[in-house]
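Chemist: The following block contains the structure, expressed as structure tokens.
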Amino acid sequence: MNKPTNKLKPFVKWAGGKAQFLEIISLLLPADYNQFVEPFVGGGAAFLNVQPNKLIINDLNQELMTTYRVIKDTPKPLIGLLQE
């Protein structure tokens, strides 16, 4: 697994987030794995820090998951709306 060259940051601050544990999380990850699973993604600090090649994210907050889908699937229209 390649280490990310630039660290990405969450677009939202999430209560109970994992940002303060990123160093520990990185130490606990295996050297090689096929996919990264983030069942409680919240702000996404863990997966944005790791930047895995294959990723599964989920959260109970459906509005948050919709936001992640929009960012992934239609970023250009989103950027246009944000620029207005």
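Chemist: List pairs: first residue in the stretch 38-53 and free of Cβ contacts under 8 Å to residues at least 60 places away in the same chain and β-branched (Val, Ile, Thr), second residue surrounded by 18 or more Cβ atoms within 10 Å (Cβ to Cβ) and in a helix (DSSP H, G or I) anywhere in the structure, Cβ distance under 6 angstrom, at least six positions apart or on different chains.
Modeler: Close Cβ pairs (under 6 Å, with a partner that is surrounded by 18 or more Cβ atoms within 10 Å (Cβ to Cβ) and in a helix (DSSP H, G or I)) do not exist here.
Chemist: Could you name every one of the helices (runs of 4 or more DSSP H) located completely within the chain that has at least 3 residues being modelled with pLDDT of 95 or more?
Modeler: Numbers: elements: 22-28, 45-50, 62-73, 75-83.
The helices (runs of 4 or more DSSP H) meeting that bar are 62-73, 75-83.
The values are calculated or read from the model by the stated rules, or taken from the named source; none is laboratory data. Remember, it's a predicted structure, so these values are computed and weren't measured experimentally. Cβ coordinates were reconstructed from backbone atoms using ideal geometry, including for glycine residues, and neighbour counts include every protein chain displayed.
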